[in-house]
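Q: I have a structure here, written as structure tokens, and I will follow up with some questions on it.
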Amino acid sequence: MPYFLSKLMPPRPTFLIDMSEAERAVMSAHQDYWLPRLNAGLVIVMGPVADPQGAYGVMIAHAPSQKMLEDWQAQDPAILSDLNFRFENYPMPSARVAPTEPLAPVSSISP
């Protein structure tokens, strides 16, 4: 299965710091929607990025196909909210994924 980097672009650059209560509820539903995929290992990492040029969400997914990823995204509460969120998806031609637990003590890893 391929990996994809996805960016969830919010309706405005300041969204992370000035979202309304209604928008915060949409973000909570968005997180809840992706949690089962995160727990299943289909989403490797997800969360907000505090970019000084404008915050956005990021996700790295291990999806069977870009079409399936886009189908999942189409059902995301953020997209269904009509708040003008949008996803940008970028295939990752080569990805290395760390194990969930360190294979060696951190002190034994040299810089």
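The values are calculated or read from the model by the stated rules, or taken from the named source; none is laboratory data. Just so we're clear, the structure is a prediction, and the values are computed from it rather than from any experiment. So basically every Cβ, Gly included, is an ideal-geometry build from the backbone, and we count neighbours across all protein chains shown.
Q: Out of region 1-18, which residues are over 12 Å from the mean Cα position of the chain (by Cα) and within 14 Å of Ser81 (Cα to Cα)?
A: Pro10, Pro11 - these are the residues of region 1-18 that are over 12 Å from the mean Cα position of the chain (by Cα) and within 14 Å of Ser81 (Cα to Cα).
Q: Additional query: Would you pick out the residues in region 72-92 that are surrounded by fewer than 13 Cβ atoms within 10 Å (Cβ to Cβ) and without any contact (Cβ under 8 Å) to a residue 40 or more places away in the chain?
A: Residues satisfying the conditions are Ala74, Asp82.
Q: Taking Ala29 as meeting all but one of (1) in contact with a helix residue (DSSP H, G or I) (Cβ under 8 Å, 6 or more places away or on another chain); (2) assigned to a strand (DSSP E or B); (3) surrounded by fewer than 17 Cβ atoms within 10 Å (Cβ to Cβ), write down the number of the exception.
A: Looking at each condition in turn, Ala29 falls short on (2).
Q: Now for a different question. Among the residues of region 85-111, how many are at pLDDT 95 or above and in a loop (DSSP other than H, G, I, E, B)?
A: Result for region 85-111: 1.
Q: Of everything in region 38-71, what is surrounded by fewer than 18 Cβ atoms within 10 Å (Cβ to Cβ), in contact (Cβ under 8 Å) with a residue 12 or more places away in the chain and in a helix (DSSP H, G or I)? Give them in sequence order.
A: Gln66, Glu70
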